[in-house]
Amino acid sequence: MNTNRCIATYRELLSLNEGENIASTLKNIYELLSFSKKIFSSSAVAEIFAYLCLHGASTALVLQISLNLPDATAYRALRHLRSLGVVIPAVKSSKRHKARGGPRPTVWALEGADTDEVATAMRLHYQMLSPKFRVAEKVAQTILEEYINKRNVSEISYKEIIIQVKELTIPFRTPDIAELAANYLHDRGIKIWR
C-alpha cells in the first residue's frame, strides 16, 4: 500500500470542503469513511464498485468475466451495492427473437450513468455470450501483449492478424475470429491495415 498516495487522495478530498465550517467538514469525512467501510468490507464489492466507477454500467455476466468472479459472488456483490443505493437496475433486456427461456440480463448502473454507458454494457453482454467473441478477445490480447507492446507500434496489418489466428488451433473459422480480433484491436486504438 502506498501511504503517500492515500494521504494525497484524502487531502484532495478534504480540500474540496475548505469553504465549509469544521463541523460540516467532519460530518462529510465521517459519511465518506462510513460509506467506504461498507463498500470495501468485501474485495468483490470493492472490485465491482471500481469497475462501475470506470464504466458506469454493467451486467452480472460482464462483471464475472471481466473480474474473474464466481457467479454467486457477482450477484451477491451487486445485491449489496443495490442495498446501499449505489447501483440501480437501468435496463432489463427484452426477450431476443428465438431465444430460449431463462432470466433476461439486467444492466446495473451507477446513479446518473448516461445512456451510452448502459448501451455499451448491454452490447458487451451480448458479445460475451458469443464463444467466438471470447476467443477473438483472447487472440487480440495475445497480439497486444506479444506483438504490439513488444515492438512498441500502434498498427498491424490484417494479414498478420490472420497469421496469428492460424497459428492457434481453434474450432472456429479463421476469418471470423480474425475479423472480431481486428475490431477489438481497432476499438483499443490500434490501426489495422487492410
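The values are calculated or read from the model by the stated rules, or taken from the named source; none is laboratory data. This is a predicted model, so every value here is computed, not measured. Cβ placement follows ideal geometry from the backbone for every residue including glycine, while neighbour counts extend to all protein chains displayed.
What the table shows:
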| item | result |
| --- | --- |
| Qualifying residue in segment 81-97 (condition: buried (at least 17 other Cβ atoms within 10 Å of the Cβ), at pLDDT below 80 and under 18 Å from the mean Cα position of the chain (by Cα)) | yes |
| Single residue of segment 145-193 satisfying the filter (among the polar types (S, T, N, Q) and in contact with a helix residue (DSSP H, G or I) (Cβ under 6 Å, 6 or more places away or on another chain)) that is nearest to Val135 (Cα to Cα) | Thr174 |
| Matching residues, segment 35-68, being over 17 Å from Leu124 (Cα atoms) and either of a type outside the set (A, V, I, L, M, F, W, C) or within 17 Å of the chain's Cα centre (by Cα) (or both) | Ser36, Lys37, Lys38, Ser41, Ser42, Ser43, Ala44, Val45, Ala46, Glu47, Phe49, Ala50 |
| Residues of segment 159-185 classified as surrounded by fewer than 20 Cβ atoms within 10 Å (Cβ to Cβ) and touching a strand residue (DSSP E or B) at 6+ places or on another chain (Cβ under 6 Å), total | 0 |
| Conditions (1) within 27 Å of Ser36 (Cα to Cα); (2) modelled with pLDDT under 85; (3) assigned to a helix (DSSP H, G or I); number of the one not met by Leu78 | (2) |
| Unique match (being within 21 Å of the chain's Cα centre (by Cα) and at pLDDT 85 or above) among Ala109, Ala178 | Ala109 |
| Count - residues of segment 52-68 that are touching a helix residue (DSSP H, G or I) at 6+ places or on another chain (Cβ under 6 Å) and without any contact (Cβ under 8 Å) to a residue 60 or more places away in the chain | 4 |
| Among residues of segment 134-149, those that are closer than 19 Å to Gly189 by Cβ and in contact (Cβ under 8 Å) with a residue 12 or more places away in the chain, counted | 9 |
| Filtered residues of segment 68-80 (kept if of a type outside the set (Val, Ile, Thr) and farther than 18 Å from Glu117 by Cα) | Asn68, Leu69, Pro70, Asp71, Ala72, Ala74, Tyr75, Arg76, Ala77, Arg79, His80 |
| Single unsatisfied condition, Lys150 versus (1) at pLDDT 80 or above; (2) surrounded by fewer than 11 Cβ atoms within 10 Å (Cβ to Cβ); (3) in a helix (DSSP H, G or I) | (1) |
